[in-house]
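The values are calculated or read from the model by the stated rules, or taken from the named source; none is laboratory data. Here the structure is a predicted model, which is why all the values come from computation and not from measurement. With ideal geometry, Cβ positions are generated from the backbone for all residues, glycine too; neighbour counts draw on all protein chains shown.
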Amino acid sequence: MKQLILSFILLFSNGFSYAQGTYQLAVLKYNGGGDYYANPTALPNLVTFCNQNLNTNISKDVPYVEVGSADLFLYPFVHMTGHGNVVFSAAEAENLRNYLLAGGFLHIDDNYGMDEFIRVELKKVFPNNELVELPFNHPVFHQKYNFNGLPKIHEHDGKRPQAFGIIENGRLLCMYTYETDLSDGWEDPQVHNDTPDKRKEALQMGANILMYAFMK
């Protein structure tokens, strides 16, 4: 657990320059039938964007890691997405909770259809913590790039985009983005035919999330 926290410090130390070695991000593999594997080009593209614009040196190889695996602790930042059902067992919820309390960060992006399920499962992870909406002046929106809340990448139900978080002892350790579909905007341009401006907004907001996660 101490090594995980040290990884954060090394990754974004010295003005966001890389210290030693190459770190990896991962995509969370979960049970329940939801497509955890959605948007396969999203996180590699975000990594490329961050390496080019934040002076990071993150590996472009992005593995899947199971919720209940000890390997979860190898990755300082884990991304989760999908369209459907999510189920955490008691052991998986405990493992994820330990990972987050040890310094790990989880970004959940509703790819449309995950909301009703992920809210229930997060209560297994942190039964005494509520998802709270992050205000527009939260630092995550004002890292290298300035935003007034989340950008709207895809319409979905036409609702306003919202960012929620789980905060423990003053630290945002899980960020849930809803009605925006950031990770669709990170994908290769031809996948969703998003405009260059929309892709740029999505990637910049994703870079902000990474910066905040590693610096907090």
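Summary of computed values
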read-out	value
Top-ranked residue of the stretch 189-203 - restricted to ones that are of a type in the set (Asp, Glu) and at pLDDT 90 or above, ranked as surrounded by the fewest Cβ atoms within 10 Å (Cβ to Cβ)	ASP197
The stretch 123-173 - residue that is aromatic (Phe, Trp, Tyr) and within 25 Å of GLY84 (Cβ to Cβ) and, of those, surrounded by the fewest Cβ atoms within 10 Å (Cβ to Cβ)	PHE164
For VAL120: the one exception among (1) within 19 Å of GLU201 (Cβ to Cβ); (2) loosely packed, with under 14 Cβ neighbours inside 10 Å	(1)
Which listed residue, of GLU92, GLU66, is buried (at least 19 other Cβ atoms within 10 Å of the Cβ), at pLDDT 95 or above and among the acidic types (Asp, Glu)	GLU92
Count - residues of the stretch 44-83 that are closer than 11 Å to LEU28 by Cβ, of a type outside the set (Asp, Glu) and either part of a strand (DSSP E or B) or in contact (Cβ under 8 Å) with a residue 60 or more places away in the chain (or both)	8
Some residue of the stretch 71-89 being in contact with a Gly (Cβ under 8 Å, 6 or more places away or on another chain), over 23 Å from ASN129 (Cα atoms) and at pLDDT 95 or above	yes
